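See structure below.
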Amino acid sequence: MQQLDETSVETDTCTNLLECKMISERRRGKTSHQEPELSNVSKRLVRTISQKSKNNYHENVMDDDDDGVSLRCLSLYTRGGGCKVGAATSDDFTEVVGPVRGTQDTTVDCFSYGVERFWKRNNKKKISQVPESHQNEAMQVFLPDDILEMCLMRLPITSLMNARLVCKKWRALTTSTRFMQMRREGNYPTPWLFLFGTVKDGFSSREIYAFDVSFNKWHKIESEILKGRFLFSVASVHENVFVVGGCSSSGGMDRKTHRGVLAFSPVIKSWQKVASMRHARSKPVLGVYEVESDCLTIKSQPRTRRIGGVSDVYEDPHRFSIRRVPRNEKSKHTSVKNSGRFLIIAVGGVGSWDEPLDSCEVYDSSSNKWTEIQRVPVDFGVACSAIVCNGSLYVYSETDKLAAYDIVRGFWVRVEMSLPVRPRVQEYAPKLVSCDEQRLFMVSVSWCEGGGEIGRRNKAVRKVWELDLVHGSCKEVSVHPDAPMDWNAVFVGDKKKLIFGVEMFKIFGQVLEFLTMCDVSDPKMKWVHVSKNEVGREMEPSSCAMKSMAVVHL
Amino acid sequence: MSYSKTIVLTNYDGETFVVDEVVAVEPQTIEHMIEDGCANTSIPLPNVTSKILSKVIEHCKKHVETPNSNEKAAKADLKSFDFDFVKADQGTLFDLILAMNYLNIKELLDLIYQTVADMIKGKTPEEEEEMRRVNAWVFSCFVGVTCLYFKSKKM
């Protein structure tokens, strides 16, 4: 209607100069009383004019050459073209008509153009599809989802994520637990390294650096929750990384040691809080035990003197709590087998008052609870590395002692072992690494043959020892090619056959990082560099001491 | 290696293929048929066209003939053969998938699944969408869903 009025006004003015003037006056709001009649007249005029213009356009133009420009426009308009009224030169109307008509025109224009394009595109799509679909029409009808599934299963996680965005069907196919389990069983997940605890701008950064080994590519994951948190320990369980304990400083010198435990799921980039530990710890050593049998019980700590702890009365019910896991809960558990039950054992660490801890506790995923277990043996020293292997937790102390915690029976035993005879370099704490849940390795730095008169650094070598638990012996299996520059180098084994190491150190005013990998199934056990100096320069030197790493198969 | 017995395969088009038994038992489906004793005259394979069947037989032959040793050369040879084998155009590949699925040749299935996965790998959703559009076969997805996806992306 609005549009019609506008046109009518215009036609009016074009045909009759007098009326034109009056309307222009009306437009200015001077002669408002004449409005109804005028508009009536104008409508009638419009009709006649448009008829005329249909009949003979040229005549129309000739008729009123006073206002030729806008008339031409009008006729164009009535003929259905997209006329640009902005071209009208008449002083009276440009300000009123111009903008209104202009915008209307353009919107219509855009719209129709858009629609046209849209249809063209759709048509094209259909056209291009016709030959192929025609060719395989019969096939398409019963193209089996299982084949599609088998193909999608072989995708690395990044591509799988993209595949999920393609359409709902693919999403439904690839997000089912069955699919993910089949993918795991088929050994298609590839290792990812997650580097935690880096420091940036004088503050623990909230970024996690993730390295996709198969694509050789770094990713950065923002995680606000980790901001300001440091000296925590990480352990990977299934597809999650658990961040245990740690400290945070709320400005100034205050430093708080945490009991809290977070579970990070890289696939969905989500964080979840799990039960807090019983003691605040920073840098505890962690071991992860995946429980196969459902009837495992955790022996809680036998009563020992403790100051300000939980009293006997309260502790007692927990003692056999795992055994008494309600049946229904257990059955629920078996139904969700893929997220199998696991234990995280936290040993030692540093407490709230900077005191070294010798207490240990176990987290059970089925009850979401931490249970205190027997302390590490007396005069064991500060635990510096731990790993679960063959159903036991092995802990190595800074005083070169090895102890094993029998998870099923719940006690510590000293492991007597002829450990590497050559003296190790004290600043470099040995790391225990286990591969395949069967083989136990130790990575330590020792002095090279030939004494240490010149260039102590050059003479130190990082070696991998394999510990033979049956015979209580160990043998050197590999030598790391890099000179040991980082005393906090992290070495982590995965479930299969790879050991990953990350070394970070500051040299020539720059932080460098080196990622190395070693395949233990290969008898030569050669180390290869997988990444060099990609992300280190973004970090501050203190990252070297703070970092921790977890390997997750995604 | 001497081939004692031959098996006759009849395909979708009615053509017959005479194959040595050693080769023919590569596909599990045929193996089971022979075991069950239904292979006295000829084995009908109604789902497979002659083009695909000849390709499959070629593949089986190659795998049977290659000595099952750890020789590096033989392995490399087989690998390059497999590589060329799956370099077929996508229509053929699709037919192959279906044929494999029916004949149940494990190695070849693995090979082809991996090939398709490699095709999808490293593509953005848009590219994948594009690919799926061009090769409607791999992705038995509905055009409607695609349009919806496009719309949602535009918004």
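The values are calculated or read from the model by the stated rules, or taken from the named source; none is laboratory data. Bear in mind the structure is a predicted one, so any value in this text is a computation, not a measurement. For neighbour counting, all protein chains shown are included, and Cβ atoms are generated from backbone atoms with ideal geometry for every residue, glycine included. These accessible areas exclude ligands, DNA and RNA; they are computed on the full protein's heavy atoms, side chains included. Shrake-Rupley method; radii C 1.70, N 1.55, O 1.52, S 1.80 Å.
Rounded, prolate or oblate, given the Cα gyration tensor of the stretch A:186-229, with a/c below 1.5 counting as rounded? Write down the numbers at each step before the final one.
Details: a/c = 3.65, a/b = 2.52, b/c = 1.45.
Note, shape of the stretch A:186-229 comes out prolate.
May I ask for the Kirkwood hydrodynamic radius of the stretch A:348-432, worked out over all distinct Cα pairs and given in angstroms to one decimal? Could you put the intermediate results ahead of the total?
On the way: mean 1/r = 0.0717 Å⁻¹.
It is 13.9 Å.
Across 5 Å bins from the origin, how do the percents of Cα pairs in the stretch A:242-289 run, short distances first?
5, 19, 23, 24, 16, 9, 3, 1
Taking a threshold of 31 Å on the Cα-Cα distance, which of the pairs A:Lys369/A:Lys495; A:Lys431/A:Lys524; A:Lys227/A:Lys532; A:Lys475/A:Lys532; A:Lys227/A:Lys401; A:Lys524/B:Lys87 fall above it? It would help to have the intermediate numbers written out before the result.
Numbers: A:Lys369/A:Lys495 25 Å; A:Lys431/A:Lys524 20 Å; A:Lys227/A:Lys532 26 Å; A:Lys475/A:Lys532 29 Å; A:Lys227/A:Lys401 35 Å; A:Lys524/B:Lys87 35 Å.
From A:Lys369/A:Lys495; A:Lys431/A:Lys524; A:Lys227/A:Lys532; A:Lys475/A:Lys532; A:Lys227/A:Lys401; A:Lys524/B:Lys87, over 31 Å: A:Lys227/A:Lys401; A:Lys524/B:Lys87.
Net charge near B:Asn101: determine it from the other residues with C-beta under 13 Å of the C-beta of B:Asn101, scoring Lys and Arg +1 and Asp and Glu -1.
Details: positive: B:Lys106; negative: A:Asp145, A:Asp146, A:Glu149, B:Asp95, B:Asp110.
Residues near B:Asn101 contribute -4 overall.
Which of A:Met150, A:Leu173, A:Gly186 sits closest to the plus end of the dipole of the stretch A:145-186, meaning its Cα is farthest towards the positive end, when Lys and Arg get +1 and Asp and Glu get -1 on the C-beta?
Towards the positive end, the residue furthest out is A:Leu173.
Roughly how many Å² of A:Arg341 are accessible to a 1.4 Å probe, to the nearest 10?
10 Å²
Based on Cβ point charges of +1 for Lys and Arg and -1 for Asp and Glu, what charge dipole magnitude is obtained for the stretch A:145-186 about its Cα centre, in debye rounded to the nearest 20?
180 debye
Please give the solvent-accessible surface of A:Lys547 in Å², to the nearest 10, using a probe radius of 1.4 Å with every protein chain present.
It works out to around 0 Å².
Averaged across B:92-98, how many Cβ atoms of other chains sit within 10 Å of each residue's Cβ atom?
So the per-residue partner count for this stretch is 3.
On a C-alpha basis, how far is the centre of the stretch A:207-232 from the centre of the stretch A:474-548 in Å? Whole number, if you could?
Taking the Cα centre of each part, the stretch A:207-232 and the stretch A:474-548 sit 16 Å apart.
Of A:His529, A:His258, which has the most accessible area and how do the rest follow, probe 1.4 Å?
Details: A:His529 75, A:His258 35 Å².
In descending accessible area the options line up as A:His529, A:His258.
Need one value: the accessible area of B:Thr16 in square angstrom, 1.4 angstrom probe, rounded to the nearest 10.
Surface open to solvent at B:Thr16 totals about 90 Å².
Ratio of the stretch A:145-186's C-alpha Rg to 2.2 N^0.38 Å, to two decimals? Please report the intermediate quantities before stating the final value.
Details: Rg = 9.1 Å, N = 42, 2.2 N^0.38 = 9.1 Å.
In units of the globular-protein estimate, the stretch A:145-186 measures up at 1.00.
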